[in-house]
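Asker: Got a structure for you, questions after.
The values are calculated or read from the model by the stated rules, or taken from the named source; none is laboratory data. Just so it is clear, the model here is predicted, and its values are computed rather than measured. Cβ placement follows ideal geometry from the backbone for every residue including glycine, while neighbour counts extend to all protein chains displayed. Heads up: the accessible areas ignore ligands, DNA and RNA and are worked out on the full protein's heavy atoms, side chains in. Shrake-Rupley method; radii C 1.70, N 1.55, O 1.52, S 1.80 Å.
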Amino acid sequence: MVLHALRPHLKVFPGGLDDFLFRDPKGGPVVATPLMDSAWRPARNAAGLPEVTMHQLRTLGGPTTPSDR
């Protein structure tokens with residue numbers, strides 16, 4: 001499933017063995033800081049959950065996927 005989804009991406013953004021799979025506009029690694037500052041931290045604070053991390057949410061996604069319904 002993952003390879004099927006990545007094939008179109010790799011056709012548009014081919015790279016070498018040591019290149020990043022996903023790159024920022026300058027060709028470097030994608031850095032989460034802008035996402036964290038603009039969206040994640042304000043959302044979790046508004047929800048009253050200032051200590052919850054994105055990594056903690058990964059365990060919540062499994063049981064709620066369409067295949068598990």
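Asker: Just for segment 1-21: of the residues that are assigned to a loop (DSSP other than H, G, I, E, B) and surrounded by 10 or more Cβ atoms within 10 Å (Cβ to Cβ), which one is nearest to the chain's Cα centre (by Cα)?
Answerer: Leu21
Asker: Same structure, new question: Any idea which of (1) modelled with pLDDT of 80 or more; (2) open to solvent by 90 Å² or more (accessible area, probe 1.4 Å) is the one Pro25 doesn't satisfy?
Answerer: (1)
Asker: Considering Ala39, Ala43, which residue is assigned to a helix (DSSP H, G or I), of a type in the set (Gly, Ala, Ser) and at pLDDT 85 or above?
Answerer: Ala43
Asker: Another question, if that's okay. Does Arg41 meet the test of being surrounded by 11 or more Cβ atoms within 10 Å (Cβ to Cβ) and in contact with a Gly (Cβ under 9 Å, 6 or more places away or on another chain)?
Answerer: no
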